[in-house]
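Below is one structure, written out as structure tokens; the observations come after it.
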Amino acid sequence: MSGVHRFRAMGCEIVLSGADPDEVAAVFARWEGTFSRFLPGSELSRVNASPAWAVAVSPLFARALAAALDAARETRGLVDPTLGAALEAAGYDRDFDELGDDPAPPGPPVASRLRRVRLDGRILMRPPGVALDLNGVVKSLAVDEAAGLVRGAGFVSAGGDLAVRGPVDVGLPGGGTVRVVSGGLATSGTASRRWRRGGEEQHHLLDPRTGRPAASPWQQVTVSGATCLAADVAAKAAFLHGDEGPDWLDARGLPGRFVDRDGAIAVNESWSRALTPEAVCT
């Protein structure tokens, strides 16, 4: 259990220290096996394919969907779990590692169906044909759960989204490091997950108002939060808020660091206040 361990899951590298790597791998396998859009046998795929208006879901599915609906409320619909069809229209219809440039144009935009989704305990109600995509919360939920397996000091990171138990020095997009002593740190942006469709650049952060990849001045947004989930949701929302992202985070007391399309770095007031002389960010 000592040392740093690495493996791949959810289309990214998982890095951990302080926990049994087999136990952590089992956590990610369970979340991925339940929520992958690309596994026909996943619960998400079965739910999205169901012709019924009401579907009974597993406790894990209900937990993730509840977190996604909470995130939608907290961000006033910016982080939206009903954009599965819009992602497919943009060309994100297979594992990212398998995506390539496609000369075919994007499909027609698909608008949000958020107002048509209800969750009552373990009963999901929505019109048939609504394609859920819960990746806005699933990876960070998996990170937070896996971090609960850390004994003593350590961390779990998935594609850079991080939960720590004790101080960890973390490299930041665009250069530099920060010390995270508790909670989570998450980065959201378009630096890695982008592709071309019909000659147009596409990415996975969609504007729910248009169903198309969002136009944002930011390339990457990093946020510190009490959990990886809180940081991840806030990073996505700050990216989607565009120029208003730093102020949106400040209004919630969340430290944020922004890398624009030209590589210039900016931080909000909360980030500046959170940095001690020892470069500790919590």
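The values are calculated or read from the model by the stated rules, or taken from the named source; none is laboratory data. Computed from a predicted model, the values in this text were never measured in an experiment. Positions of Cβ are generated from backbone atoms using ideal geometry, with glycine treated the same way; all protein chains shown enter the neighbour counts. Areas reflect the complete protein model, heavy atoms only, side chains present, ligands, DNA and RNA absent. Shrake-Rupley method; radii C 1.70, N 1.55, O 1.52, S 1.80 Å.
Numbers below:
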{"quantity": "In the range 149-201, trypsin sites (Lys or Arg not before Pro) in a DSSP loop with at most 12 other beta-carbon atoms within 10 Å", "calculated": "Arg151"}
{"quantity": "At R0 = 22 Å, FRET efficiency that the Cβ-Cβ distance of Ala191 and Asp20 yields, to 0.05", "calculated": "0.10"}
{"quantity": "Per-pair calculated FRET efficiency, R0 = 51 Å: Leu275 and Ala104 via Cβ, rounded to 0.05", "calculated": "0.65"}
{"quantity": "The range 4-279: relative contact order in percent, alpha carbon pairs under 8 Å with at least 6 residues between", "calculated": "18"}
{"quantity": "Cβ-defined net charge surrounding Ala26, 15 Å radius [Lys, Arg +1; Asp, Glu -1]", "calculated": "-3"}
{"quantity": "C-alpha center-to-center spacing [the range 208-282, the range 60-94] in angstrom", "calculated": "19"}
{"quantity": "Label of the coordinate-derived value, Cα extents along the principal axes in Å, listed as (i) 56, 40, 35; (ii) 54, 48, 35; (iii) 53, 42, 40", "calculated": "(i)"}
{"quantity": "Selection from Ser17, Ser272, Pro51 lying farthest towards where the dipole of the range 4-279 points positive, charges on Cβ", "calculated": "Pro51"}
{"quantity": "Top positive-direction residue, dipole computed over the chain with Cβ charges, set Ala71, Val4, Ala237", "calculated": "Ala71"}
{"quantity": "For the chain, size of Cβ-based charge dipole, Lys and Arg +1, Asp and Glu -1, in debye", "calculated": "720"}
{"quantity": "FRET E, pair Leu119, Ile265, Förster distance 35 Å, beta-carbon r, rounded to 0.05", "calculated": "0.35"}
{"quantity": "Accessible carbon and sulfur surface of the chain relative to its total accessible area, %, 1.4 Å", "calculated": "51"}
{"quantity": "The range 105-161: C-alpha gyration tensor shape, a/c 1.5 cut-off, then a/b vs b/c", "calculated": "oblate"}
{"quantity": "Surface accessible to a 1.4 Å probe, per residue, for the residues of the range 1-106, Å²", "calculated": "48"}
{"quantity": "Longest site-free stretch - the chain; sites: chymotrypsin sites (Phe, Trp or Tyr not before Pro), DSSP loop, at most 15 other Cβ within 10 Å", "calculated": "54-282"}
{"quantity": "Fluctuation leader among Pro127, Pro173, Pro109 - the chain, Gaussian network, Cα springs under 10 angstrom", "calculated": "Pro127"}
{"quantity": "Extended-chain gain in nm, criterion 0.36 nm per residue less alpha-carbon gap, Ala52 and Ala29", "calculated": "5.5 nm"}
{"quantity": "Net charge over other residues, Cβ less than 9 angstrom from the Cβ of Ala142 (K, R count +1; D, E count -1)", "calculated": "-1"}
{"quantity": "Stretch gain in nm, segment Arg151-Arg209, where the contour uses 0.36 nm per residue and the Cα spacing is subtracted", "calculated": "16.5 nm"}
